[in-house]
Amino acid sequence: MIKRKNLARLAAAIVFTASCTTTFLSPIQDQSELNVAYAESAYTVPELTMKNKAIPDTESFHFVNSMGAGFNLGNTFDAINNVDAVEGDANMFLEYDWLSDKEAGITTHETIDAIKDAGFTTVRIPVSWHNHLDSDFNIKSEWLEKVSDIVNYALSRDMYVILNIHHDNEKASGFTNPDYDPSWAEGNKDCYIYPDKEHLESSKNYVTKIWEQLGKTFKDCDEHLVFETMNEPRQVGNVHEWWYADDECCHEALECITEINQAAVDAIRNSGGNNSNRYIMVPATSAKAEAAMQSKYFKMPEDSAKDKLILSVHAYEPFNFSMDKTSEGAPTEFSDTMKESLDDMFDTLYVAFIKQNIPVVIGEFGATNRNNTQARTDHAAYYYAAARARGITCCMWDNSNAEGDNEAYRFLDRTNKKFIYDSIAEAAEKYGAPRKSFSGSDVEGVVSNTNCTIYPDGKVMFPCEIGEKAEIYFDIDTTKSLCGGGALCFNLNAPNGKSYWIGYPFRAGVEWNYEKNDNVPVPTLIDLTDTSIMNVNCWSENRQVTDTEELKMLSKLCQESTSAEIQLWWSLNLNWGDRPDSSVTAGKTEEEVSALKAAACKEVIAVINVRPMSLELDTNMGHGSWNTSQASGEYTIDDINNLQNFLVNKSTPNLYDKDYDLNGDGVWNAFDLCIMKQKYINKQNEGRPVIEGEAGVITENKITFKSGIGSELILEVEKKDCVGGGGCISFIENIDDNEYWVAYEWQTNDSGVVKIDMTKPNQITLNDVKVEQNGNEELYKRLTEQCMNEKEANLFYWWVAESWGNNLPEGTDLTKYIKVRSVHITSPIN
């Protein structure tokens, strides 16, 4: 449902499609003014079904879950101006200095109302402080009062608020942005945050002074107020400012950020009141997840409070869709390949942090406006849904910029205090909402052994320097492909101040094994000293590298790296033809073809280990998703029967190649049998939709609940060997001594989830005669209310179609084709 105060703007714009998605009219920006007009084209919020991952059942994860969908009040209190700002003044004009709305867009309580009414339950309020300090770093009272007023009002609206230190992370004498005046800042270098050894103590002093004041100001606020130590701390102006690389400079930055975060946390905890137990968000370099994964250099702060720290991450992904500023070539459609990319990113966050009991909030994400409202709606929906499925809360970035190459993230009309794109807000509210259950599955395909850790997005972390040579092991689906290829890749910042992408190509193939009479994958050896195979691009200068000495220098850096990336590029089918073939790639751009080939390669080739040759081979490797061997923990009914018969000394087939020691105690026993049965059950349940709410009990043709059914009933319906089928949920209700039959029809769909609106029965009959709703509205209302209060219902299967228009004959056992596997109610009546 649309829960907004500005519903009048949607009059005549809402229609319901066959897939039950909400349709809106698309707003078009009048670029000469800030008013919003409506075009005739429609856009919709997609229906998505996400497979939830299991989330740690701890206080911090429950807190992050409750934050719901988040929104940023960007380019507002975070604006800085080191040219026009007067040193020592409150500089109140900065609140609207970066807004396209200027003075008209000044933040009021109505601004917060607009965000809240659009469906967001968390607001991140970025604030820069250095333009609002006296010479002793005391915050000017006028500025602090204005920020406090907006923070406190948002809290009064029952919102979560994230307050931070934002654009104070510049090196005073090293500005690269022409808007900054180095001469102004030369005498004030101690008032900034810059994560290197030279400025470490001054940076720690700065965050300590600011957080001591903020802690004192907000000490009485409850846990709905979250403090974020810093925003995107980085070495501004350096080649690695925005991209983590495995080099000494980035290592130094991470070590310094760890200390600065610690200073901020200590200052907050010691500032009194509720701050002793307040939730605090902390970032790594540039708030990049890959930087936070460098556990040798970056560590979460030590904290006197238990379970109160959250990792802050920013992820404008996929980058080419979300933030690419190039005027041409950037995609405007949100594709399936992009969805897979987001899944890989979120799975990596899940494995690296969520499973390690570190909660994550993505403080910034979004998609720049290229007049592609539908695609941005699809992106927002998928992003919020994929994040929530992994237990992650997200905050959409808004900077009030409507168009152009400079990050057009304007969703809120600051002048009129209204949300512009209702479908995007609806997507955020729908898919960013808190989960009701923390149960779910795990991420598959993660390799973690003594040789390396391979994450879903292709990142590879090693316990040592890679060295001169590395061996790559593969799992190949030999029913579809016999070879493919890709590269072991590095993004490096070199001592010469330049940035490079380096790829060592490899071929993943099979050889014939005469003993097994089968094709088996063989490892590939990569020689990192061989400059002749290196594919190198100096992306900071947009050139291919061919110079021998430059290649040797980069080869040495790769050998010294402790991380890399696996990219899969191509694969061939069993007839040595391209996958996919030309019938699929015809008419596609080069970028689109590359994406299709990479996706096809991932379907048949998996990298299951990367071993630096200085390490002993760890045989505990991964496996491809197509591999149902016992190494992946999958067992069949035959396996269960075999082990069961073995344990009672019954005859069994030869089990010499079986691995039934599941608990690792060296023997096969009843404990292994119990584990095997549970694994089998878990596998059978994989892929089933996760449906939240009170579950009912199905017995033959009856459904019973502990509570009254309420307004919505959800069926999980399985279908096989047919295109569809249907039936009804029915009740016998008595009114005025008359017995009415009330039916709610249902029909299968591809998602397997069928929602029944209990306020809208499909049929009501009395003595086998249909009762029309027209003229019997009050009767319909009374019968509907009685049905919603029932705790028992009848379940009927009516029809199954082998093909559309070709129903199975009467008397067929329809439950062989369609079956209601579970039933839930989302709004039970007690």
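The values are calculated or read from the model by the stated rules, or taken from the named source; none is laboratory data. Everything numeric in this text was worked out from a predicted model, so none of it was measured. A quick note on method: Cβ atoms are made from the backbone with ideal geometry, for glycine too, and the neighbour counts reach across all protein chains shown. Keep in mind that these areas ignore ligands, DNA and RNA; they rest on the heavy atoms of the full protein, side chains included. Shrake-Rupley method; radii C 1.70, N 1.55, O 1.52, S 1.80 Å.
Below, the figures for the structure above:
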{"quantity": "Strands (runs of 3 or more DSSP E) (entirely within the range 487-605) containing at least 2 residues that are farther than 15 Å from Lys469 by Cα", "calculated": "499-513, 518-522, 535-538, 563-572"}
{"quantity": "Subset of the range 310-336 that is aliphatic (A, V, I, L, M) and surrounded by fewer than 20 Cβ atoms within 10 Å (Cβ to Cβ) - its residue that is modelled with the highest pLDDT", "calculated": "Met323"}
{"quantity": "Failed condition for Lys469, given (1) open to solvent by 50 Å² or more (accessible area, probe 1.4 Å); (2) at pLDDT below 90", "calculated": "(2)"}
{"quantity": "Among the candidates Glu468, Glu541, residue that is acidic (Asp, Glu) and in contact with a Ser or Thr (Cβ under 7 Å, 6 or more places away or on another chain)", "calculated": "Glu468"}
{"quantity": "Checklist (1) open to solvent by 20 Å² or more (accessible area, probe 1.4 Å); (2) among the basic types (Lys, Arg); (3) in a loop (DSSP other than H, G, I, E, B) applied to Lys339, failing item", "calculated": "(3)"}
{"quantity": "Residues satisfying the stated conditions in the range 270-301, i.e. farther than 14 Å from Val360 by Cβ, open to solvent by 20 Å² or more (accessible area, probe 1.4 Å) and out of contact with any helix residue (DSSP H, G or I) (no Cβ under 7 Å at 6 or more places or on another chain)", "calculated": "Asn270, Gly273, Asn274, Asn277, Ser295, Lys296"}
{"quantity": "Test: residue in the range 247-255 that is open to solvent by less than 40 Å² (accessible area, probe 1.4 Å) and within 23 Å of Asn72 (Cβ to Cβ)", "calculated": "no"}
{"quantity": "Residue match in the range 438-456 (condition: touching a Ser or Thr at 6+ places or on another chain (Cβ under 8 Å) and over 30 Å from Asp578 (Cα atoms))", "calculated": "no"}
{"quantity": "Which listed residue is in a helix (DSSP H, G or I) and open to solvent by 20 Å² or more (accessible area, probe 1.4 Å), from Glu785, Glu810, Glu802", "calculated": "Glu785"}
{"quantity": "Which numbered condition Val823 fails, given (1) of a type outside the set (D, E, K, R); (2) assigned to a loop (DSSP other than H, G, I, E, B); (3) open to solvent by less than 80 Å² (accessible area, probe 1.4 Å); (4) on the phi < 0 side of the Ramachandran plot", "calculated": "(2)"}
{"quantity": "Count of residues meeting criterion [open to solvent by 10 Å² or more (accessible area, probe 1.4 Å) and in a loop (DSSP other than H, G, I, E, B)] in the range 58-79", "calculated": "2"}
{"quantity": "Complete set of residues in the range 746-763 that are part of a loop (DSSP other than H, G, I, E, B) and either at pLDDT 95 or above or touching a Ser or Thr at 6+ places or on another chain (Cβ under 9 Å) (or both)", "calculated": "Asn749, Ser751, Gly752, Met758, Thr759, Lys760, Pro761"}
{"quantity": "Residues located in the range 668-684, provided they are at pLDDT below 75 and touching a helix residue (DSSP H, G or I) at 6+ places or on another chain (Cβ under 7 Å)", "calculated": "Tyr680"}
{"quantity": "Every residue from the range 742-772 that is open to solvent by 60 Å² or more (accessible area, probe 1.4 Å) and under 23 Å from Arg782 (Cβ atoms)", "calculated": "Glu745, Asp757, Thr759, Lys760, Asn762, Asn767, Asp768, Val769, Lys770, Glu772"}
{"quantity": "Candidate set: the range 561-577, residues that are in contact with a strand residue (DSSP E or B) (Cβ under 9 Å, 6 or more places away or on another chain) and within 14 Å of Ile605 (Cβ to Cβ); chosen: the one surrounded by the fewest Cβ atoms within 10 Å (Cβ to Cβ)", "calculated": "Trp569"}
{"quantity": "Output for the range 704-739, where each listed residue is more than 25 Å from Met50 (Cβ to Cβ), in a strand (DSSP E or B), open to solvent by 20 Å² or more (accessible area, probe 1.4 Å) and not β-branched (Val, Ile, Thr)", "calculated": "Asn734, Asn738, Glu739"}
{"quantity": "Test for Thr529: is it in contact (Cβ under 8 Å) with a residue 60 or more places away in the chain, surrounded by fewer than 19 Cβ atoms within 10 Å (Cβ to Cβ) and under 32 Å from the mean Cα position of the chain (by Cα)", "calculated": "no"}
{"quantity": "In the range 373-384, the residues that are open to solvent by less than 10 Å² (accessible area, probe 1.4 Å) and either of a type in the set (A, V, I, L, M) or more than 18 Å from Phe61 (Cβ to Cβ) (or both)", "calculated": "Ala375, Arg376, Thr377, His379, Ala380, Ala381, Tyr383"}
{"quantity": "Condition broken by Met159, with the remaining ones in (1) open to solvent by less than 40 Å² (accessible area, probe 1.4 Å); (2) closer than 15 Å to Asp89 by Cβ satisfied", "calculated": "(2)"}
{"quantity": "Condition met for Glu777 (charged (D, E, K, R), within 23 Å of Ala695 (Cα to Cα) and open to solvent by 50 Å² or more (accessible area, probe 1.4 Å))", "calculated": "no"}
{"quantity": "Extreme residue, modelled with the lowest pLDDT, among residues of the range 411-437 that are surrounded by fewer than 24 Cβ atoms within 10 Å (Cβ to Cβ) and basic (Lys, Arg)", "calculated": "Lys436"}
{"quantity": "Filter result (in a loop (DSSP other than H, G, I, E, B), modelled with pLDDT of 70 or more and farther than 28 Å from Val443 by Cα) within the range 633-667", "calculated": "Val648, Asn649, Lys650, Val667"}
{"quantity": "Tabulated pairs, the range 42-69, first over 27 Å from Lys755 (Cβ atoms), second acidic (Asp, Glu) and in a loop (DSSP other than H, G, I, E, B), C-beta under 7 angstrom, 6+ apart or interchain", "calculated": "Thr58/Asp307; Glu59/Asp307; Ser60/Asp307"}
{"quantity": "Residue that is under 21 Å from the mean Cα position of the chain (by Cα), over 30 Å from Asn169 (Cα atoms) and either modelled with pLDDT under 95 or open to solvent by 70 Å² or more (accessible area, probe 1.4 Å) (or both), where the choices are Glu47, Glu33", "calculated": "Glu47"}
{"quantity": "Odd one out for Ala793, checked against (1) on the phi > 0 side of the Ramachandran plot; (2) small (Gly, Ala, Ser); (3) buried (at least 17 other Cβ atoms within 10 Å of the Cβ)", "calculated": "(1)"}
{"quantity": "Near pairs, Cβ below 9 angstrom, 6+ apart or cross-chain, from the range 76-105 (farther than 12 Å from Ser128 by Cα and among the β-branched types (Val, Ile, Thr)) to any residue that is assigned to a loop (DSSP other than H, G, I, E, B) and open to solvent by 70 Å² or more (accessible area, probe 1.4 Å)", "calculated": "Val83/Asp179"}
{"quantity": "Qualifying positions in the range 611-630 - open to solvent by less than 40 Å² (accessible area, probe 1.4 Å) and either part of a strand (DSSP E or B) or modelled with pLDDT of 85 or more (or both)", "calculated": "Arg611, Pro612, Asp618"}
{"quantity": "Selection within the range 346-360 - surrounded by fewer than 24 Cβ atoms within 10 Å (Cβ to Cβ), within 10 Å of the chain's Cα centre (by Cα) and of a type outside the set (Ser, Thr, Tyr)", "calculated": "Asp347"}
